[in-house]
Amino acid sequence: MAKQSLILLALNPSPLLTLMERTLHAADFKVATAHDRASLEKFVQEAIPALMIIGEKFADQDGLSVSADILERFPTLPIIFYADQDTAGLAKFVLKAGLSGYLYSPLNEAEIVDEVQNSLKRARNLGDWLRSEVKRTTSSLAEKAKISEAERAQLEAIIANIQDGVIVMDENQVILFVNRTIRDNFNLGKAAVVGKPLKDAITNGDLHALLSRSREGSFKYHEINFDDGRVFNAQYTDIPGIGAAVTMQDISYLKELDVLRSDFIHTISHDLRSPLTAVLGYAELVERTGALNQDQREFLQLLQGSVQHITSLVNDLLDLGRLEAGFDTRREFVHLEGVLKYTLDMFDAQIKKKKLNLTTEVAGNLEAVRVNPIRIRQMIDNLVGNAIKYTPEGGGIRVSMFMQDKQTILKVADTGPGILPEDQNHVFEKFYRASNVPDNVEGSGLGLAIVKSIVDRHQGRIWVESTMGVGSTFTVLLPTQG
Ligand code: ADP
């Protein structure tokens, strides 16, 4: 046991005080004596004693309450309580107050030294335990902090270096984070963009279009075209509690493949057209060569039907090729309600045959739109044609046309089978036929691809909203000056 520890005596002057001083000195302790509360406080704070012995009465104060007060602020200081005499409740009192031991009169030197040494030993053990606990807890906290810091750094490094572009923003579309791909693609260099609204920090029309679409709820992705020909597919994702993120993937190679595929299809369709015309021509000639029997006539009709089917497919493909190649530049101001009327007149017989309930709602304030009238007619024909084709007998079709923010909006809604959510993004792709198509409904999967191409050529937008078993609504937005 380390001697030379400082023992603070908070005892009124008395023979007992003298006895304590002498005994503790003799046992090789340093001793300090406080005679009043002020000097007691000073000693406790500045000299930091190893132990304190306090009398039942100290400078006219109650020794127990002084001890409680000191322990409140210095909970590890061992305090021995001295009572003038042993009473039944003394031990209980002392333990309840959190003191470490007690002495009472009459006292001898050995008892004093024993009690002091025991209390010091207990205090040291407690101190050691506390220190080791603190060390253990802090080191495990530090370890945890180190792990989560490492994880955070790892995540940041991944996002920062990932090939995909990542922008994270708050609920007001103010930038919280952009990664290197975004900086490189939008030529941001080292510009400080964090804290700025995305629309101000990055001036790219396609990105702005995506941001506006994000508010509409239905459109969450958009293609972003760069001047050097690269194309990215950008998605807008809401992040609860943070705001939203825009992620972008380079799809230039897919676009190139698409161009190759289109070129290939175009060449094939072009080469097929002449032989098909020849087959049709000869089929017609056969009829003129002499009387045919019933079977021959029937087979010839089937042959002609099939050839016509392939011819319309080839024509669709050629059409699509022309649209994608951008040859279609004719523009004139057209009243879309007039075009719609022609379409509906054309389908009148089919609508009646299927007993469909057609409602049309055309606003009175429609402005003329700068478009290619033939293509727009083709687009409306396809949409209304699909609604008729897919809606079962007795169902309903609603066609509406109105103006909104300088754009003409066309909606074609039906009570058909609906399109599964996972198919909805694909129905505008070439040759895509969704899983909802009943076996007996014929089609090539090219109609909506042509519609989408036409809408794109007019700087418009098209999308579908659909619920299985309820129906589908195709919406087209066309800018007036398209
Ligand atoms: P198709 O020649 O098959 O009609 P489209 O390109 O016009 O080709 O349409 C693609 C697919 O989208 C269709 O095969 C069908 O699955 C789905 N589809 C299109 N219009 C509708 C509609 N009004 N209701 C339900 N499904 C539709």
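Structure summary
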| quantity | calculated |
| --- | --- |
| Near pairs, Cβ below 7 angstrom, 6+ apart or cross-chain, from the stretch 333-360 (farther than 16 Å from LEU383 by Cβ) to any residue that is among the acidic types (Asp, Glu) | LYS354/GLU393; LYS355/GLU393 |
| Selection count, the stretch 50-93, where residues are farther than 19 Å from LEU19 by Cα and surrounded by fewer than 22 Cβ atoms within 10 Å (Cβ to Cβ) | 24 |
| Any hit, the stretch 6-18, residues being over 21 Å from ASP86 (Cα atoms), assigned by TED's automatic domain parsing to the domain that holds LEU99 and part of a loop (DSSP other than H, G, I, E, B) | no |
| Test for ALA38: is it in a strand (DSSP E or B) and modelled with pLDDT of 90 or more | no |
| Matching residues in the stretch 428-450 - criterion: being closer than 15 Å to LEU320 by Cβ and either over 32 Å from the mean Cα position of the chain (by Cα) or in the same structural domain as SER306 (by TED's automatic domain parsing) (or both) | PHE431, GLY443, SER444, GLY445, LEU446, GLY447, ILE450 |
| Residues of the stretch 282-310 classified as part of a loop (DSSP other than H, G, I, E, B) and either among the small types (Gly, Ala, Ser) or closer than 26 Å to SER444 by Cα (or both), total | 2 |
| Criterion: in contact (Cβ under 8 Å) with a residue 40 or more places away in the chain and surrounded by 10 or more Cβ atoms within 10 Å (Cβ to Cβ) - qualifying residue of ASN204, ASN185 | ASN185 |
| Close pairs (8 angstrom Cβ cut-off, 6 or more residues apart or separate chains): under 18 Å from ASN382 (Cβ atoms) in the stretch 419-444, near the ligand (Cβ under 8 Å from one of its atoms) and of a type in the set (D, E, K, R) anywhere | TYR432/ASP423; ALA434/ASP423; ASN436/ASP423; VAL441/LYS389; GLY443/LYS389; GLY443/ARG433 |
| Strands (runs of 3 or more DSSP E) contained entirely in the stretch 348-460, each with at least 1 residues that are within 8 Å of the ligand (Cβ to nearest atom) and modelled with pLDDT of 95 or more | 407-414 |
| Check on THR391, among the polar types (S, T, N, Q), more than 28 Å from VAL279 (Cβ to Cβ) and buried (at least 17 other Cβ atoms within 10 Å of the Cβ) | yes |
| Residue in the stretch 322-342 that is more than 47 Å from the chain's Cα centre (by Cα), at pLDDT 90 or above and exposed (fewer than 15 other Cβ atoms within 10 Å of the Cβ) present | no |
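The values are calculated or read from the model by the stated rules, or taken from the named source; none is laboratory data. All of these numbers come straight from a predicted model, not from anything done at the bench. No Cβ is skipped: glycine too gets one built from the backbone with ideal geometry, and neighbour counts run over all protein chains shown.
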